[in-house]
Amino acid sequence: MRGWNLHVFPVFRYRSPAHWIDVFRTYYGPVNKAFAGLPPDKQASLTIDLFELMGSRNRSADGRMFFTRITDALRGVDDRYDVVVIDCPPQLGYLTLTALTAATSVLITIHPQMLDVMSMSQFLLMMSDMIRVIHDAGAVLKQDFLHYLITRHDPNDQPQAQVVALLRHLFAEDVLMPTAVESTAVESAGLAKRTLYELEPGNIGRDTFRRARESMDAVNERILELIEESWGRR
């Protein structure tokens, strides 16, 4: 990585409090029944009590809100790393929101199939609502860039090609030009719990490995260019 100090943080799933009550009141049987068995004034009281309980869990002992925690943690080690990658699942959890608040850049991966695009669209709409809530609570989000990366891409698949063309038409330069191709080399690396660059020679066909390596090199090179542009080095 060009001599950079790099660290990767995985972020695991955790439910978001802001959607908990509405979603679980509607779709989760026991909670639905608990509210349904109460008169309206008691329902309102229970809602307030639940929010107060979750609010107490969202604030640290010194009064800081939950969404500042990763930012504060990184501030203590920012002289040790040039780049920190936080890998978030597409879930409306505490850590995903906290990571977005801490992020100076965002890269969203898209699998070029219509169902996946529709799912991503719905998620981003819900995420925008959540971001609005934490913004009103004092969160500051400021990113140098936000781009989309097409992953598991089969260039020979015509439906995928149509989806990719649609995304580029809608989002233009916000969609990275290089794509991460779908490859058995990547699958083999995942099964071995290694990166593509750590695969042993002979574990995969030479041509297959070469195509996958060229794809990943192009993606990584473009990401590095964006980072250096945000640093004012280009």
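We did not get these values from a lab; they are worked out from the coordinates using the rules stated. All values reported here derive from a predicted model rather than from experimental measurement. Ideal geometry is used to build each Cβ from the backbone, glycine not excepted, and the neighbour counts take in all protein chains shown.
General observations
- Residue match in region 118-132 (condition: part of a loop (DSSP other than H, G, I, E, B), surrounded by 14 or more Cβ atoms within 10 Å (Cβ to Cβ) and touching a helix residue (DSSP H, G or I) at 6+ places or on another chain (Cβ under 7 Å)): no
- Hits in region 134-147 - residues which are surrounded by fewer than 16 Cβ atoms within 10 Å (Cβ to Cβ), more than 24 Å from M177 (Cα to Cα) and touching a residue at least 60 places away in the same chain (Cβ under 8 Å): A137, G138
Conditions tested, residue by residue: (1) within 14 Å of I150 (Cα to Cα); (2) among the polar types (S, T, N, Q).
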| residue | (1), (2) |
| --- | --- |
| T179 | yes, yes |
| E182 | yes, no |
| V186 | no, no |
| G202 | no, no |
| D207 | no, no |
| M216 | yes, no |
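- Subset of region 174-218 [surrounded by 19 or more Cβ atoms within 10 Å (Cβ to Cβ), assigned to a loop (DSSP other than H, G, I, E, B) and either among the aromatic types (F, W, Y) or free of Cβ contacts under 8 Å to residues at least 24 places away in the same chain (or both)]: I204
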